[in-house]
Every structure is written in C-alpha cells, then in structure tokens.
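For reference, the structure discussed in these notes is given below.
Derivation of every value follows stated rules applied to the coordinates shown; laboratory data play no part. This one's a predicted model, so the numbers in the text were calculated from it and none came from an experiment. Quick reminder, even Gly has a Cβ in these numbers, built from the backbone with ideal geometry, and neighbours come from all protein chains shown.
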C-alpha cells in the first residue's frame, strides 16, 4: 500500500471518529462497493507477480492503472468574516493543518466583518476556478448570491461557523458549526442556576445573524429578562468596555452579563468590576484570558464551539468530495458544539489553549 494511500485512509478513519463525536446523522457510506454509481475510485490494488518476480498491478481489462490521488493540484478557498483575534487564529490553524495534511493549497481570506469585502472575495474565487469554497455566512443577503454562483459553476461549497439556516438554500453540501439558538438555550439554562434576573447580552458585531441568535436562544430559556445590544467591536476594546459600562450604569436592574464572543465577555467583566457590581458572567468561545477568569471564579462558563474543527473539517470535506465524491451530513449540519468550559474542566482545556488548538 502506498504511503499516500495509508495517509488518506488514516485521515478517513480519524474523520469517522470525529463525525461520530459530533453526532452527525449522515447515513454510512459503504466501503465495500468501490465502483458504485457515483463513479468513486477504487483505492486498493491487486498485485500479482510478473515473470521476473517483481510485483506489479494486475490488469482488470480496461488497461487503466488506478492510483490514489494526493491533492497537490487542488486549491481550496476559505473566505470568512474573520478578524485577527484569538478565535479566528485557532480556526485558521485548523484549516492550515488540514491543508498541510492533505497536500492541498489553501487560500485564506478574512474580511474583518466587512460583508462587501467578503462578497468580492467569493466572486473572485469563483472566477479563479476554485476547486472548493468554504465560507462563513454572517450576512446572508449579501453573500448568498456569490455562493449560489459557485454552486452553479460546479464548485463544491461548504458553510462554516455561521450559515446553518441558509446553507441548504445555497445548495452547499453541508454546514460545519453549531446551532446558535441551541447554544444560547444552554447558556440560559446555566444562568437559571444563579440569582440573575436581568442579563445584558452584549454583541460585538452589529448585523451578524449568528450572534443575534445566541442572544435569542438565551432569552428562550432564561427565566428572567434579556436585553440584547451591540456593544462596539472587539477591535476597540476600550470603546467596547465603555459601552457596556454605560449600559449597566443606565439600568441598575442588570445583574448578569453574557458576551457572545470571548473578547466582549472580558470587556463585560471589566465593566462590571469598574462599577463595583458583582454579577454572574457567561461567554462564548475561548481565549487564555477567559480561561484564567473561569479558573479564578470571575466568569461562570463559556460556550465552546470547537473552532479548530470548523477550520479543519471543511478542507477535509472539500478534498473528499472532489477526489472521491464523498459527502457527509446527509443534508443535516455537522455540529461542532456546543460544549461548555467551566471551573470543573478549565485546567484541562487550558493546556490545549496553550497549544493553540482550542
């Protein structure tokens, strides 16, 4: 068996474990039928001895020798609304690692929360003849047309991180991420175990559908009042903290805070401390600073959507679709979360954060 084939089979095995852990409802692909209707390529070679004793591939009658393909000639695009913050750096690390493992070229493009830039990048990727496009979908109205054009051009499309409500309308193969409303529901249930009665749900992006849904999910399950508000961008944490401070000062009934990202969660903690108001605080996603705050008892929890997987898995899925016509998900999203980091498991996660994979 060739080295490349062994490597691909190892990746497939690893992915099967991940898919099972993520709770995918996809039907199992048969591994017995190597020449099915989808035109998939047989990945094993029968060997026979030649007259001089050397092993060589057997002739199956069609005169073609089948060899596994390593993806050095493929170029995949990952086009997101990312900034240079800690969340996206981990996601990008996952994507880069997948590209290295598979031997493909990955073009990473972040737009710093500018949907016009992201839409232009998608159009350019389609025009370039990309072998696959994975994109986040924070602003569906502006981004769906370009991704539909990619599907119409025969380019495999996957959505990641945000887009769980729209990937089917686009014609994308599947979505890799978490269901944001369900993640918010879980956060609301955790706040119900505290004395909070009015939670300020702070958002770091004005029009990101996924972030709104996190606050909506919180409101669905929390027994008290939830106020959802844009509290300035992560790029200006001083302004962000000041906005949260002003909102809390203007409404003394606010006795809890949830940030829908890790940076804004810490801004909320500092704002409450500056006002001298102790309150339960929860967040989303992971940074070393946030893990330290959970370990120290200053933050109650954070929701972990495992963004490393959101970077790694779309690259692997695009590769398998273009090389072997494999698809996963069965029409359903592949979920990477939610999980929760609390004081009980923060120490274990901390080591992985230091390694750059959580």
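Points worth noting:
- FRET efficiency estimate (nearest 0.05) - Cβ-Cβ, residue 195 to residue 112, R0 56 angstrom: 0.90
- Size descriptor, Kirkwood hydrodynamic radius, that averages inverse alpha-carbon separations across region 97-255, Å: 17.6 Å
- Distance between modelled label sites at residue 120 and residue 357, nm, 7 Å Cα→Cβ extension: 3.7 nm
- Residue 348/residue 325 FRET efficiency (R0 35 Å; Cβ-Cβ; nearest 0.05): 0.35
- Length-normalised contact order for region 180-304 - Cα pairs under 8 Å, 6+ apart - percent: 25 percent
- Taking other C-beta atoms within 10 Å as the exposure proxy, 358, 270 rank 270, 358 from fewest upward.
- For region 180-304: rounded, prolate or oblate by the Cα gyration tensor [a/c cutoff 1.5]: rounded
- Spin-label pair residue 250/residue 270, simplified geometry with 7 Å Cα→Cβ offset, distance in nm: 2.1 nm
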